Amino acid sequence: MSEDSPDFDRPLQGPLLAAVSRSFYLSLRFLPPPVRGPLSISYLMARAADTVADVTASPAPERLELLERFRSALTDGPTPDFLLKVSAFAAGVDHAGERELLHRLAECFDQLKKLSPATQDCARRVMGHILDGMTLDLRRFPTSQPLRSLTTDVELDEYTWLVAGCVGEFWTDICALELPGVFRESPETMKTLGGRYGKGLQLINILRDQPGDAVIGRCYLPEESLRQAGLEGSVLWPAADWSPWHTVRRDLIARTRFLLADGWQYAASLRSTRLRFAILMPLLIGEGTLARLESLPPGGPPEAVKITRREVKRLARKALWMALTNRITPPAATSTASNP
């Protein structure tokens, strides 16, 4: 279904999408028309579920119940009672765009039903994985106190795939369905690259948001990794000794660069200029974020970093030039990274 189709909801996938997707809207906006609708609607559905999961003013059991009803609605359709509960929940959402999205969730479900059966199956499957990740997260971190951490690196890898790696695979499936011949590599190879690229982007989110996550009782740095780096006693924030934290963060930055290298290969393996741009935008923003994380003072507590709007505009011009010329050149640090 393309944007030119009479079934394509411009207000839903225009102003509302822009309000909730921030810089990612640039990627969605410039997607080729055959995939823009499916990927935008799927993004809105995932964003709505994420809003439910993240509103800490509501108790975790209430959010878990609503996420389970969201899962049922994907299969059986949204019931009036479910939509009423979502609208009531929206009253506690501070962000105006996210609040509007919850009020208009019925429209998202209507748009989902207008996709082809194969595309609907892909969307429902990826939403199932994302909901698994959100549910797992809420059960691991039910309250803002005390601080809890993931236990093992296996848990971290599982989480990054459930909330982001599966999305890279989903994008690949949708492009294979709607844009035959768009890949220079096999769809199977592209799914592997897309999944790893997605996990890399989520690791950036974890590293970038660590101070804010700690405030609400969440630590995604695995306890086993922190102890291997020299942590003694409980996992606390603020820490008595930040050295183990910085050691683990450096290891994760190296791992992230290794995963982003697959993102560069993914972009270089696309025949569509629009699709190349859509993949390159978050990739360049991610690389810029990693560079800022690496430049933080090594001794104190980790700090949040943010790419400015001016920088995003500069990176958009760079992504456009790369997409148009197909001269896709990763930073030197990416091309020389090794798997930790």
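The values are calculated or read from the model by the stated rules, or taken from the named source; none is laboratory data. Every value quoted in this text rests on a predicted model; they were computed, and no experiment measured them. Counting neighbours? That spans all protein chains shown, and the Cβs are built from the backbone with ideal geometry, glycine included.
With respect to being without any contact (Cβ under 8 Å) to a residue 60 or more places away in the chain, among the charged types (D, E, K, R) and assigned by TED's automatic domain parsing to the domain that holds GLY168, GLU303 falls outside the description. In the set LYS191, LYS199, only one residue is free of Cβ contacts under 8 Å to residues at least 24 places away in the same chain and basic (Lys, Arg); that residue is LYS191. Counting only residues that are out of contact with any helix residue (DSSP H, G or I) (no Cβ under 7 Å at 6 or more places or on another chain) and within 20 Å of ARG36 (Cβ to Cβ), give me the helices (runs of 4 or more DSSP H) lying completely in region 104-219 with at least 1 of them. Those helices (runs of 4 or more DSSP H) span 105-113, 117-140. Of the residues ASP241, ASP251, the single one that is in a loop (DSSP other than H, G, I, E, B) and surrounded by fewer than 17 Cβ atoms within 10 Å (Cβ to Cβ) is ASP241.
Every condition in (1) modelled with pLDDT under 95; (2) aliphatic (A, V, I, L, M); (3) surrounded by 19 or more Cβ atoms within 10 Å (Cβ to Cβ); (4) over 29 Å from PHE183 (Cβ atoms) is met by ALA304 except one, and the failing one is (3). Applying the selection to region 30-54, what residues are surrounded by fewer than 19 Cβ atoms within 10 Å (Cβ to Cβ) and without any contact (Cβ under 8 Å) to a residue 40 or more places away in the chain? PRO33, ASP54, listed by residue number. Of the residues making up region 221-238, those that are surrounded by fewer than 15 Cβ atoms within 10 Å (Cβ to Cβ) and either touching a residue at least 40 places away in the same chain (Cβ under 8 Å) or assigned to a loop (DSSP other than H, G, I, E, B) (or both) number 6. In region 108-119, the residues that are surrounded by fewer than 16 Cβ atoms within 10 Å (Cβ to Cβ) reach residues that are in a helix (DSSP H, G or I) with C-beta atoms within less than 6 angstrom, at least six apart or across chains, in these pairs: ALA118/LEU177. Scanning region 59-106 for residues that are acidic (Asp, Glu) and surrounded by 17 or more Cβ atoms within 10 Å (Cβ to Cβ) gives a single hit, GLU98.
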